[in-house]
Amino acid sequence: MEGALNTLSKHGIAKTSARSVAAAAGVNQALVFYHFGSVDELLAAACRYGAEQRVVRYRDRLASVSTLTELLQCGRELHAEERAGGHVAFLAQLLAGAQTQPRLAPATAAGLKLWTDEIEKVLTRVLGSTVLADFTDPAGLARTVVASFVGLELYEGVDHDGAEQALDALEQLATLVNVLEELGPVAQRTVRHTIRHTMRRTSTSRAVKDEQGQQGAPTPASIARRKVRRAK
């Protein structure tokens with residue numbers, strides 16, 4: 001599987017074959033089909049194997065993270081190490097291949113899920129004691145973080161400065177969260193109330209728009225009924 005990882009990273013999915021993988025691993029190409037059945041199955045297994053190895057490598061470091069700023073710093077270090085090790089190129093090729101080779105999609109998604117599970121644990125722990133605890137979804141945020149990380153890894157290949165700017169912007173957001181944590185109890189209650197009120201208003205506005213989309217433009221009668229419901 002190391003041979004598959006190296007071949008895919010260096011030559012791309014279009015040039016990854018049983019012959020090229022076997023040559024990289026120093027084995028007979030017949031072993032590819034004997035153990036995995038096809039090149040796609042080998043790549044799927046290599047994806048799972050690669051993700052497991054990388055997650056294990058960073059698990060202790062992620063477990064020591066206690067703030068969003070530390071998480072972003074860890075992400076920067078991981079970002080540099082993964083790119084230098086060629087793992088970003090491997091992931092990029094798998095994501096590209098999964099668009100046209102459906103058998104690669106489940107394994108690629110499973111590999112990414114290993115990362116999202118680890119990041120979700122960190123976010124649950126870090127956000128749990130903050131004013132944002134009641135208003136965030138760690139599972140959804142973990143997927144956002146992983147998707148952003150993958151996107152930044154690929155984006156850096158064409159615009160290094162732009163990727164750095166994006167990471168700097170994320171650090172600024174983390175700083176804002178840290179500032180919220182330094183507020184006193186009264187100020188934090190005010191922040192919670194404001195967030196809760198804003199989310200409720202946004203939810204109501206979205207529901208109204210959905211209703212309008214389903215029923216067409218509101219009529220005077222429907223507007224009146226809505227006002228009555230709100231008054232109650």
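Computed values, structure above
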item: Residue pairs meeting the criteria (Cβ under 6 Å; at least 6 apart or on separate chains; first of a type in the set (V, I, T), in the stretch 121-142; second open to solvent by 50 Å² or more (accessible area, probe 1.4 Å)); result: T130/E181; V131/R192
item: Candidate set: the stretch 54-107, residues that are touching a residue at least 40 places away in the same chain (Cβ under 8 Å) and among the β-branched types (V, I, T); chosen: the one nearest to A169 (Cα to Cα); result: T69
item: Residues within the stretch 58-113 that are within 21 Å of S9 (Cβ to Cβ) and among the acidic types (D, E), tallied; result: 3
item: Boolean, C47 is of a type outside the set (A, V, I, L, M), crowded, with 20+ Cβ neighbours inside 10 Å and under 24 Å from A139 (Cα atoms); result: yes
item: Residues that are modelled with pLDDT of 80 or more and hydroxyl-bearing (S, T, Y), drawn from the stretch 101-129; result: T108, T116, T124
item: Enumeration of residues in the stretch 133-144 that are over 26 Å from Q165 (Cβ atoms) and not in a helix (DSSP H, G or I); result: D137
item: Restricting the stretch 116-152 to residues that are among the hydroxyl-bearing types (S, T, Y) and open to solvent by 30 Å² or more (accessible area, probe 1.4 Å), the residue that is farthest from V177 (Cα to Cα); result: S148
item: Single condition S66 does not satisfy, out of (1) under 29 Å from N178 (Cβ atoms); (2) of a type in the set (G, A, S); (3) assigned to a helix (DSSP H, G or I); result: (3)
item: Residue list for the stretch 1-37, restricted to those being among the hydroxyl-bearing types (S, T, Y) and either in a helix (DSSP H, G or I) or open to solvent by 20 Å² or more (accessible area, probe 1.4 Å) (or both); result: T7, S9, S17, S20, Y34
item: Residue within the stretch 115-122 that is among the hydrophobic types (A, V, I, L, M, F, W, C), on the phi < 0 side of the Ramachandran plot and in contact with a His (Cβ under 8 Å, 6 or more places away or on another chain) present; result: no
item: Residues satisfying the stated conditions in the stretch 158-205, i.e. of a type outside the set (A, V, I, L, M) and either in contact (Cβ under 8 Å) with a residue 60 or more places away in the chain or touching a Leu at 6+ places or on another chain (Cβ under 8 Å) (or both); result: E171, T175, N178, Q188, R192, R196
item: Meets criteria (in contact with a Leu (Cβ under 7 Å, 6 or more places away or on another chain), assigned to a helix (DSSP H, G or I) and surrounded by 13 or more Cβ atoms within 10 Å (Cβ to Cβ)) for Y58; result: yes
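The values are calculated or read from the model by the stated rules, or taken from the named source; none is laboratory data. Please read these numbers as outputs of a predicted model, since none were measured by experiment. No Cβ is skipped: glycine too gets one built from the backbone with ideal geometry, and neighbour counts run over all protein chains shown. When the accessible area is computed, the model is the full protein with side chains, heavy atoms only, and any ligands, DNA or RNA have been set aside. Shrake-Rupley method; radii C 1.70, N 1.55, O 1.52, S 1.80 Å.
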